[in-house]
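K.L.:
Below you'll find the structure I mean.
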Amino acid sequence: MRNVIGVINLGSTRTLLNELTRNRSIASVPFGGRYRFIDFALSNMVNTGIQKVAVFTLNKSRSLMDHLGSGKEWDLDRKQGGLFILPPAISYPYGEYRGDLQNFYGHIDYFNRSKESYVIVSSSHMICNLNYQEAFERHLATGADITLLYKDAKGMTDDDIASCEFLGIDETGRVRKMQDRPTDERLLYMETFIISKKLLVDLIEKSFRQEEVSSLNMIKNSLLTLNIVAYEHRGHLSVVNSIESYYKHSMNLLNPDVWRNLFFEPGLVYTKIKDEPPTKYVVDAQVRNSLIANGCVIEGTVENCILFRGVKVRKGAVIRDSIIMQDCEIDEGSFIEGVIFDKEVMISKDKRITGDKNAPSVITKRSIV
Amino acid sequence: MKKQVVAMLLAGGEGKRLGVLTQKLAKPAVHYGGKYRIIDFALSNCCNSGIDTVGVLTQYQPLVLNSYIGIGSSWDLDRKNGGVTLLPPFVQQGGGEWYKGTANAIYQNINFIDGHDPDYVLVISGDHIYQMDYSQMIATHKRNGADATIAVIEVPWEEASRFGIMNVDDRGRILDFAEKPAEPKTNLASMGIYIFTWEVLKAYLVADEGNPDSSNDFGKDIIPAMLREERILQSYRFRGYWKDVGTIDSLWESNMDLLADLPELNLHAQDSRIYSVNPNQPPQYVADSARINRSLINEGCLVFGEVDHSVLFYGVHVGRNAVVRDSIIMPNVRIGENVTIHKAIIGGNSVIEDGAVIGDIEAGPSAEIVVYGEGSCLTADVSTQVATASEEK
């Protein structure tokens, strides 16, 4: 995979997660107790052996850049290659951001200056653990111009796959159509593709001349002229496209099979290190069916929850069916059910905060109740 | 580039009394506290004290330790100037030899220290569990214009004869020093943490090396020589948690100390954070059937059974109906269903098969600690046999 560079494309203008993305990009939304969305996309590339990855950002990138730093945690602090964080290259004052392809065009030198011949482009809100090796070998073997990764979404509900793109493929595996509503086969496009660098650069330049600013349309427009092939991802996939699906997919991690699949198979997921001590359970702790990150202190009751790093649950506090992000503190005697706490929420003694599991409410960052 | 302080970390200890736990690694590399290795405490203390130049003196079984320390990035010690340097014994013109004693280890690395041209040298050991801001101790040393400053801690009188005991005047100046005295005059024990004015120490190291009768040890030779010649030796009183974890009992006890509701050693403190190499494991999963109390559990664990008053390192799986009590379970141990583990230390990557019973349950809390080394495989039959054998012993 020394011949492949990666792009994590965060240039989509869709806002999917409302409160959770008010002050952060979707790529830096916390997930799974200690990660951010981008950790999965980045770890997949690194675990495949890709040593040069660009992150095309859009806005609200402070938390993202803080998280990524020099790329050290992903082994991307390299002399050769490494991590490139590339914000939109729009010329002031006339520039206007209209689509993600502008980022590709604005940073065309990232491609031109690389000696590698292939590019893998991925999004960050399709959360999965995959190794691109096999897909890449298939790309070479089939002689495809572009290989699109998809997931068979027959087992997913309509809500699960809302605002996704779908593929229609023929018996040879060639992609014949792409549409924004489910096809009968429900083949969900993972917004991840493999392409030769030369073709990508040609397509970017051609699209731009035609004033096309969406990378998705760039591929769609090539369906007739190029050999576009589909590759199926068989592992777990969480499509996070709403607060409800964020909650649902988070809670799916409480299934040990999903836990194992997403966090270990085929590779480990890397993230920024916080050096928290192991989680401390005191004598009265009662924890059941929960995912608990390090640095927590649990004196109360926690059921069906995800606790991020450094959460404190004081004596007599009860938390059920909730996602509690980093460094929240729930004081004695409080009762919390069916909510998502963003980071650093403080709940004082004997408070009661409940929400609906099916439409969980989000308590915004640094709220004090 | 000149450094005010260079730290020399003695990490060559074989740790014989830790038995199977130090079969393949040096004592400072032994696991501690669910996530750490013992040496993390000394290295993190350096980092938290603003000391960025650390020489680590290795000798016995250095493989694990060397790869663990790497270039020191986990402790922020990957520096262009200074940083961490591993200092194993080496050969030079005219031969070479093992480090004969703690003082000889520093003597053999005079060139390393001189290369940084420090005013002071901090000598610490990689065998102790404690959180300490060395910069305060250095300030004390400077304020007193001392030649050497030794950190001391009050120990229970009945244990004082196990330590090097200092007799100090009312301003903290050390009057005399007795190594493991039968009748201790005070209960101020040396913690094995020294700050020396480098120029002075260097002269003593050279003189000590010239003395064929010397055991080349700080406690036995260098400090007594400095006292004899009426050098200014200052004590620095440390208040807090400090433990030498050189024996199975003390290692176990020190791990159990962390399980108190408010342990004396606060791993959560932001300004004295202990750093370690991160294994990149996901959050732990605690199943519906699990019960966890009075325990410290690290990431990557999967708990279906009961864990009480125990320390679990990363990647430990505890099967259904298993009971782990008063035990330390090192990384990636697989504990099957219906297993009982009582007052044991289980080495990393061990497999405990379904139904195995480990430890002397009948003896209760006063049972002897059962220890299994790295990569043990314990079946239901074998473990009962071994348990019986250890009872007979």
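K.L.:
Could you work out the local net charge near A:Ser242, counting Lys and Arg as +1, Asp and Glu as -1, over the other residues with Cβ closer than 10 Å to its Cβ?
P.N.:
Working: positive: A:Lys248; negative: A:Asp159, A:Asp160, A:Glu244.
Local charge sum for A:Ser242: -2.
K.L.:
Give me, ordered by chain and number, the residues 5 or more places off B:Arg37 or on other chains with an amide H under 5 Å from its own placed amide H.
P.N.:
Those qualifying (amide H under 5 Å, at least 5 residues apart or on another chain) are B:Tyr32.
K.L.:
Can you give the alpha-carbon Rg of segment B:309-382 over 2.2 N^0.38 Å, where N counts its residues? Before the final figure, lay out each step's value.
P.N.:
Working: Rg = 10.7 Å, N = 74, 2.2 N^0.38 = 11.3 Å.
Output field value: 0.95.
K.L.:
Please quote Rg/Rh for segment A:4-263 to two decimal places, taking the Kirkwood radius as Rh and restricting both calculations to Cα atoms.
P.N.:
Values: Rg = 17.4 Å, Rh = 18.6 Å.
In segment A:4-263, Rg relative to Rh is 0.93.
K.L.:
Still on this structure, I have one more. Normalising by the residue count of segment A:280-363, find the relative contact order in percent from Cα pairs under 8 Å and 6+ residues apart.
P.N.:
Working: 256 pairs, mean separation 16.7, N = 84.
The normalised contact order for segment A:280-363 reaches 20 percent.
K.L.:
If you don't mind, there's one more thing I want to ask. Among all the aspartates and glutamates, which ones have a C-alpha under 17 Å from A:Lys79's C-alpha, if same-chain residues fewer than 8 places away are not counted?
P.N.:
By straight Cα distance, A:Lys79 reaches A:Glu116, B:Asp78.
K.L.:
May I ask for the Rg/Rh ratio of segment B:1-116, computed from Cα atoms with Rh as the Kirkwood radius, given to two decimals?
P.N.:
Across segment B:1-116, the Cα-based Rg/Rh ratio is 0.97.
K.L.:
If you don't mind, another one. In whole percent, what relative contact order does segment B:159-292 give with Cα contacts below 8 Å and a gap of six or more residues? Walk me through the numbers on the way to the answer.
P.N.:
On the way: 106 pairs, mean separation 22.5, N = 134.
The normalised contact order for segment B:159-292 reaches 17 percent.
K.L.:
Could you give me the percent of Cα pairs per 5 Å distance bin for segment A:316-369, shortest bin first, beginning at zero and ending with the bin that holds the maximum distance?
P.N.:
6, 23, 33, 29, 8, 1
K.L.:
Taking only the Cα atoms of segment B:146-220, how large is their convex hull per residue, in Å³?
P.N.:
Details: hull volume 6.8 nm³, N = 75.
Residue-normalised Cα hull volume stands at 91 Å³.
K.L.:
Report the full-extension gain for the segment B:Asp249 to B:Asp288: residue separation times 0.36 nm, less the Cα-Cα distance, to one decimal in nm. Can you show the working numbers first?
P.N.:
On the way: separation 39, 0.36 × 39 = 14.04 nm, distance 3.38 nm.
Computed gain between B:Asp249 and B:Asp288 is 10.7 nm.
K.L.:
Above 14 Å lies some portion of the pair distances; for segment B:10-61, what is it as a whole percent of all C-alpha pairs? Walk me through the numbers on the way to the answer.
P.N.:
Details: 727 of 1326 pairs.
Distances greater than 14 Å cover 55 percent of the Cα pairs.
K.L.:
Next up: Over the Cα atoms of segment A:165-310, how large are the radius of gyration and the largest Cα-Cα distance (Dmax), in Å?
P.N.:
According to the Cα coordinates of segment A:165-310, Rg and Dmax are 21.7, 67 Å.
K.L.:
Could you state the orientation-averaged shadow area of the convex hull built on the Cα atoms of segment A:214-281, in nm² to one decimal? The partial results should precede the final answer.
P.N.:
Values: hull surface 32.9 nm².
Over every viewing direction, the Cα hull of segment A:214-281 projects on average to 8.2 nm².
K.L.:
For segment A:287-327, what percent of Cα pairs sit more than 15 Å apart? Provide the component values of the computation, followed by the final result.
P.N.:
Details: 209 of 820 pairs.
The answer is 25 percent, as a whole percent.
K.L.:
Assuming 0.36 nm per residue, please report the length gained on full extension of the stretch B:Glu209 to B:Asp271 beyond their Cα-Cα distance. Mind showing how you got there, number by number?
P.N.:
Numbers: separation 62, 0.36 × 62 = 22.32 nm, distance 3.96 nm.
Stretched fully, the B:Glu209-B:Asp271 segment lengthens by 18.4 nm.
K.L.:
Suppose we keep just the alpha-carbon trace of chain B; what are its Rg and Dmax in angstrom?
P.N.:
22.2, 68
K.L.:
Let me ask something else about it. Binning at 5 angstrom from zero up to the longest distance, how are the C-alpha pair distances of segment A:42-171 distributed in percent?
P.N.:
With a bin width of 5 Å, the distribution comes to 2, 7, 15, 18, 20, 18, 12, 6, 2, 0.
K.L.:
Follow-up. Measure nothing fancy, just the Cα-based angle from helix A:37-48's long axis to the longest principal axis of chain A, in degrees from 0 to 90, nearest 10.
P.N.:
50 degrees
K.L.:
Would you mind computing, in nm to one decimal, how far apart the modelled labels at A:Val258 and A:Asp356 are, each placed 7 Å from Cα along Cα→Cβ?
P.N.:
If labels sit at A:Val258 and A:Asp356, their model points lie 2.1 nm apart.
K.L.:
For the pair B:Asp78 and B:Glu264, how long in nm is the line joining their label points, each one 7 Å along Cα→Cβ?
P.N.:
Reported label-point gap for B:Asp78 and B:Glu264 is 3.6 nm.
K.L.:
Taking the inverse of the average 1/r across all pairs of different Cα atoms in segment B:150-291, what Kirkwood radius in Å do you get? It would help to have the intermediate numbers written out before the result.
P.N.:
Numbers: mean 1/r = 0.0547 Å⁻¹.
Roughly 18.3 Å, rounded to one decimal.
K.L.:
Related question: Using Cα centres only, tell me the gap between segment B:317-336 and segment A:22-97 in whole Å.
P.N.:
Distance between centres, Cα-based: 38 Å.
K.L.:
Return P(r) of segment A:280-363 (all Cα-Cα pairs; 5 Å bins starting at 0; whole %; ordered from short to long distances).
P.N.:
4, 17, 31, 32, 13, 3, 0
K.L.:
Using 1/(1 + (r/R0)^6) with R0 = 25 angstrom and r between the beta carbons of A:Arg98 and A:Thr21, what's the FRET efficiency to the nearest 0.05? All intermediate terms of the calculation are to be shown ahead of the outcome.
P.N.:
Numbers: r = 20 Å, r/R0 = 0.79.
The computed FRET efficiency comes out at 0.80.
K.L.:
With the dipole of the protein assembly as shown worked out from charges on the C-beta (+1 for Lys and Arg, -1 for Asp and Glu) around the Cα centre, which of A:Val229, B:Val64, B:Val245 lies farthest toward the positive end?
P.N.:
A:Val229
K.L.:
While we're looking at this one, here's another question. Taking one equal scatterer on every alpha-carbon of segment B:262-328, how large is log10 of I(q)/I(0) by Debye at q = 0.13, 0.21, 0.29 1/Å?
P.N.:
Reported log10 I(q)/I(0), two decimals: -0.40, -0.90, -1.25.
K.L.:
Take the Cα radius of gyration of the protein assembly as shown and divide it by 2.2 N^0.38 Å, with N its residue count; two decimals is plenty.
P.N.:
Numbers: Rg = 29.6 Å, N = 762, 2.2 N^0.38 = 27.4 Å.
So the protein assembly as shown has a normalised radius of gyration of 1.08.
K.L.:
Rg and Dmax in Å for segment A:230-352, alpha carbons only: what are they?
P.N.:
Cα-based Rg and Dmax for segment A:230-352 come out at 15.3, 54 Å.
K.L.:
To continue, here is another question. Label point 7 Å out from B:Cys377 along Cα-to-Cβ: which residues of segment B:311-344 have amide N under 15 Å?
P.N.:
From segment B:311-344, the list is B:334-336.
K.L.:
For B:Lys220, list the aspartates and glutamates whose Cα falls under 20 Å from its own Cα; do not include residues on the same chain fewer than 8 positions away.
P.N.:
Within the straight-line limit of under 20 Å, B:Lys220 reaches these aspartates and glutamates: B:Glu14, B:Asp127, B:Asp147, B:Glu159, B:Asp176, B:Glu179, B:Glu183, B:Asp208, B:Glu209, B:Glu229, B:Glu230, B:Asp244.
K.L.:
In whole Hz, what ³J(HN,Hα) sequence does segment A:68-80 give by Karplus (6.51, -1.76, 1.60; θ = phi - 60°), x for Gly and Pro?
P.N.:
Per-residue couplings from phi come out as 6, x, 8, x, 4, 5, 9, 6, 9, 8, 10, 6, 9 Hz.
K.L.:
Can you give the FRET efficiency for A:Glu205 and A:Ile273, using 1/(1 + (r/R0)^6), R0 = 56 Å, r = Cβ-Cβ distance, to the nearest 0.05? Could you put the intermediate results ahead of the total?
P.N.:
On the way: r = 40 Å, r/R0 = 0.72.
Computed FRET efficiency for A:Glu205 and A:Ile273 comes out at 0.90.
K.L.:
Right, here's the next one. Can you give the Kirkwood hydrodynamic radius of segment B:98-162 from its Cα pairs, in Å with one decimal? Can you show the working numbers first?
P.N.:
Working: mean 1/r = 0.0689 Å⁻¹.
For segment B:98-162, inverting the mean 1/r across all distinct Cα pairs yields 14.5 Å.
K.L.:
Under 22 Å from the Cα of B:Lys24, which lysines turn up, not counting those fewer than eight places away in the same chain?
P.N.:
Those lysines meeting the cut-off are B:Lys16, B:Lys35, B:Lys100.
K.L.:
Something else about it: How large is the Rg to Rh ratio of segment A:97-243 when both quantities use alpha carbon positions and Rh follows Kirkwood?
P.N.:
Numbers: Rg = 15.0 Å, Rh = 15.8 Å.
We get a ratio of 0.95 for segment A:97-243.
K.L.:
Between the alpha-carbon centers of segment A:276-337 and segment B:59-87, tell me the distance in whole angstrom.
P.N.:
Segment A:276-337 and segment B:59-87 have Cα centres separated by 36 Å.
K.L.:
I'd like the Kirkwood hydrodynamic radius of segment A:89-131, using the inverse of the mean 1/r over distinct C-alpha pairs, in Å.
P.N.:
Values: mean 1/r = 0.0774 Å⁻¹.
Over segment A:89-131, the inverse of the mean reciprocal pair distance is 12.9 Å.
K.L.:
Do you know the relative contact order of chain B, to the nearest whole percent, from alpha carbon pairs under 8 angstrom that are 6+ apart?
P.N.:
On the way: 918 pairs, mean separation 54.9, N = 393.
Once divided by the residue count of chain B, the mean separation gives 14 percent.
K.L.:
Which whole DSSP H helices in chain B pass both tests: a Cα extent of 15 Å or more along the axis and a mean Kyte-Doolittle value no lower than -0.5? Walk me through the numbers before you get to the answer.
P.N.:
Working: long enough: B:198-209 (16 Å, 0.25); B:380-392 (19 Å, -0.25).
Counting only whole DSSP H runs, the qualifying helices are B:198-209, B:380-392.
K.L.:
Still on this structure, I have one more. Label-point separation (nm) for A:Lys79 and B:Val91, each offset 7 Å from Cα along Cα-to-Cβ?
P.N.:
So the two model labels end up 3.0 nm from each other.
K.L.:
Mean residue ellipticity at 222 nm from the helices of chain A, using -39,500 (n - 2.57) per DSSP H segment of n ≥ 4 over the full residue count, to the nearest 500 deg cm²/dmol?
P.N.:
Numbers: 9 runs with 78 residues, N = 369.
The per-residue figure over chain A is -6000 deg cm²/dmol.
K.L.:
Quick check on my link table: of A:Lys272/B:Lys243; A:Lys274/A:Lys343; B:Lys80/B:Lys202, which ones sit more than 23 Å apart, alpha carbon to alpha carbon?
P.N.:
Values: A:Lys272/B:Lys243 31 Å; A:Lys274/A:Lys343 14 Å; B:Lys80/B:Lys202 26 Å.
Too far apart for the 23 Å limit: A:Lys272/B:Lys243; B:Lys80/B:Lys202.
K.L.:
Given only helices, namely DSSP H runs of n ≥ 4 each adding -39500 (n - 2.57), what is the per-residue ellipticity at 222 nm of chain B, to the nearest 500 deg cm²/dmol?
P.N.:
Details: 9 runs with 81 residues, N = 393.
Taken over chain B, the calculation gives -6000 deg cm²/dmol.
K.L.:
Then there's this: Name the long-range amide H neighbours of A:Ser242: under 5 Å, sequence gap of 5 or more, or other chain; modelled H, no Pro or chain starts.
P.N.:
Close amide H contacts, sequence-distant or interchain: none at all.
K.L.:
Nearest 5 percent is fine: what portion of the DSSP beta bridges confined to chain B is antiparallel?
P.N.:
On the way: 25 of 75 bridges.
Around 35 percent antiparallel, to the nearest 5.
No value in this document is a laboratory result; all are computed from the given coordinates. Values in this document were obtained by computation on a predicted structure and should not be read as measured data. Here Cβ is always computed from backbone atoms with ideal geometry, including for glycine, and neighbour counts include all displayed protein chains.
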